[in-house]
Amino acid sequence: MRLLAEILLAAFFISYFIDKRTVLNGKLLCGSMLCFMIYLLQSMQNSPHLLVSAMGFFLLWAIMTVLPLLFFSVGAAMIFNGFLLIKFEGKRLCNLLSFAVGLGMFTIFLFIFYLPIYASNHALYLPMPIYYGIVGLVGYFTFLFVSFLVSSMLFNLNKPKLDQDFIIILGCGLLYDKPSPLLMQRIDAGYNFYKKQQHYNDSTPIFIVSGGQGADEKLAEAVVMKMELLARGIPDEKILVEDHSRTTYENLIYSKEMMDAVKPKYRCVIATHNYHLFRAGIYARKAGLKRAEGIGAPTVSYYLPMAFLREFIAYLNMNKAINLYIILFVLFVSVFFTIRSVL
């Protein structure tokens with residue numbers, strides 16, 4: 001197990017060096033830590049030394065105690081976060097996501113940690129294959145979420161060099177015919193980078209403002225972003241307008257076409273919010289932007305939990321086929337062995 005942990009850790013460093021825009025980095029790092037923890041528990045339990053064995057027992061007890069408390073605490077925190085979102089952002093359907101996740105975690109807590117005890121004390125039949133299958137699926141999606149979160153945090157730690165040719169600002173909605181507060185934060189992030197690079201090496205990258213016109217918008221987001229940059233003193237020839245995109249992937253596909261036409265061998269940064277930066281990086285890699293880096297605009301703390309949940313759901317949707325196959329396979333095996341045990 002120790003060898004496997006070391007192999008996964010080495011693979012993480014290689015993968016992270018090759019490309020920071022992949023969830024594989026988080027999977028390798030989390031897998032390495034998990035294998036190392038299992039190795040540590042095995043070593044402590046098999047050790048003849050009383051002190052080491054006691055440490056192993058204490059670590060195992062801590063894991064068995066902390067894990068249920070973690071599920072319970074995170075569930076309560078998500079419900080509290082739902083109240084904060086409604087207070088500051090209004091009563092919208094998307095703000096109920098935190099409530100749904102919090103209630104879901106309470107349900108998982110009761111199912112995994114309380115149901116077996118209740119069934120045992122009341123002599124109730126509990127189909128263990130189905131129980132273990134659901135626990136396995138919970139573990140799988142928890143591992144995916146932690147891996148996604150770790151990968152996102154690692155990507156946000158990367159600071160782009162001040163030698164970029166293009167700054168892509170991704171749209172995120174208007175407030176009437178003005179930039180929304182969120183969009184203004186993205187414009188600020190791109191503009192501040194522009195001024196830093198100009199001060200650092202006296203070079204001025206070209207802005208690509210990317211965002212189409214929504215059904216409820218009078219102007220395309222890109223047009224409004226250009227107006228804001230012009231008001232800040234950015235020359236017109238330093239702004240390219242991409243006003244046809246509807247999704248993040250289209251933002252980057254169309255922006256790549258514009259950059260290829262101006263300078264085929266280019267370096268670029270993507271200005272968006274910190275919670276959205278990693279998924280934008282994934283789409284950039286998918287779109288063929290080999291040297292794209294990111295600038296993450298800060299996000300208020302109460303909005304981050306829901307924002308990362310939405311990003312994770314979007315990531316699951318990107319890989320919905322394989323996730324659906326895994327769910328169906330686990331459920332099929334669980335039902336099969338349950339029927340077999342009954343017969």
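What the table below lists for this structure:
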{"read-out": "Residue in the stretch 257-276 that is assigned to a helix (DSSP H, G or I), open to solvent by less than 20 Å² (accessible area, probe 1.4 Å) and closer than 19 Å to Phe155 by Cβ present", "value": "yes"}
{"read-out": "Condition check for Ala321: open to solvent by less than 80 Å² (accessible area, probe 1.4 Å) and touching a helix residue (DSSP H, G or I) at 6+ places or on another chain (Cβ under 6 Å)", "value": "no"}
{"read-out": "Hits in the stretch 189-199 - residues which are buried (at least 18 other Cβ atoms within 10 Å of the Cβ) and without any contact (Cβ under 8 Å) to a residue 60 or more places away in the chain", "value": "Tyr191, Tyr194, Gln197"}
{"read-out": "Residue match in the stretch 200-220 (condition: closer than 21 Å to Arg291 by Cα and open to solvent by 60 Å² or more (accessible area, probe 1.4 Å))", "value": "yes"}
{"read-out": "Test set (1) within 20 Å of the chain's Cα centre (by Cα); (2) among the aromatic types (Phe, Trp, Tyr); (3) open to solvent by less than 20 Å² (accessible area, probe 1.4 Å) - Phe145 fails condition number", "value": "(3)"}
{"read-out": "Single match in Ile282, Ile295 (criterion: closer than 20 Å to Asn156 by Cα, touching a Ser or Thr at 6+ places or on another chain (Cβ under 8 Å), not acidic (Asp, Glu) and not in a helix (DSSP H, G or I))", "value": "Ile295"}
{"read-out": "Close pairs from the stretch 260-279: first closer than 14 Å to Pro298 by Cα, partner of a type in the set (A, V, I, L, M) and open to solvent by 30 Å² or more (accessible area, probe 1.4 Å), Cβ under 9 Å, at least 6 apart", "value": "His273/Leu182; Asn274/Leu304; Tyr275/Leu304; Phe278/Met153; Phe278/Leu154"}
{"read-out": "Ser152 vs. criteria within 30 Å of Glu250 (Cβ to Cβ), assigned to a helix (DSSP H, G or I) and either modelled with pLDDT of 90 or more or out of contact with any His (no Cβ under 7 Å at 6 or more places or on another chain) (or both)", "value": "yes"}
{"read-out": "The stretch 253-285, subset of a type in the set (Lys, Arg) and over 16 Å from the mean Cα position of the chain (by Cα), residue nearest to Pro205 (Cα to Cα)", "value": "Arg267"}
{"read-out": "Criterion violated by Met227 - all others in (1) touching a residue at least 12 places away in the same chain (Cβ under 8 Å); (2) within 20 Å of Ala189 (Cα to Cα); (3) open to solvent by 60 Å² or more (accessible area, probe 1.4 Å); (4) not polar (S, T, N, Q) satisfied", "value": "(1)"}
{"read-out": "Filtered residue count, the stretch 189-229, keeping only those that are touching a strand residue (DSSP E or B) at 6+ places or on another chain (Cβ under 7 Å) and part of a helix (DSSP H, G or I)", "value": "12"}
{"read-out": "Test: residue in the stretch 125-135 that is in a loop (DSSP other than H, G, I, E, B) and open to solvent by 50 Å² or more (accessible area, probe 1.4 Å)", "value": "yes"}
{"read-out": "Which numbered condition Val224 fails, given (1) closer than 19 Å to Ala292 by Cβ; (2) over 26 Å from the mean Cα position of the chain (by Cα)", "value": "(1)"}
{"read-out": "Conditions (1) assigned to a loop (DSSP other than H, G, I, E, B); (2) basic (Lys, Arg); (3) surrounded by 14 or more Cβ atoms within 10 Å (Cβ to Cβ); number of the one not met by Arg186", "value": "(1)"}
{"read-out": "Candidate set from the stretch 287-297 (those that are farther than 23 Å from Val146 by Cβ and in contact (Cβ under 8 Å) with a residue 24 or more places away in the chain); member that is most open to solvent (accessible area, probe 1.4 Å)", "value": "Arg291"}
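Conditions tested, residue by residue: (1) under 21 Å from the mean Cα position of the chain (by Cα); (2) at negative phi; (3) not basic (Lys, Arg).
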{"residue": "Asn156", "(1), (2), (3)": "yes, yes, yes"}
{"residue": "Gln164", "(1), (2), (3)": "no, yes, yes"}
{"residue": "Leu174", "(1), (2), (3)": "no, yes, yes"}
{"residue": "Pro181", "(1), (2), (3)": "no, yes, yes"}
{"residue": "Gly190", "(1), (2), (3)": "no, yes, yes"}
{"residue": "Gln198", "(1), (2), (3)": "no, yes, yes"}
{"residue": "Gly233", "(1), (2), (3)": "no, no, yes"}
{"residue": "Asp243", "(1), (2), (3)": "no, yes, yes"}
{"residue": "Glu250", "(1), (2), (3)": "yes, yes, yes"}
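The values are calculated or read from the model by the stated rules, or taken from the named source; none is laboratory data. Since this is a predicted model, take the numbers as computed values, not measurements. With ideal geometry, Cβ positions are generated from the backbone for all residues, glycine too; neighbour counts draw on all protein chains shown. The accessibility values were calculated without ligands, DNA or RNA, using every heavy atom of the protein model including side chains. Shrake-Rupley method; radii C 1.70, N 1.55, O 1.52, S 1.80 Å.
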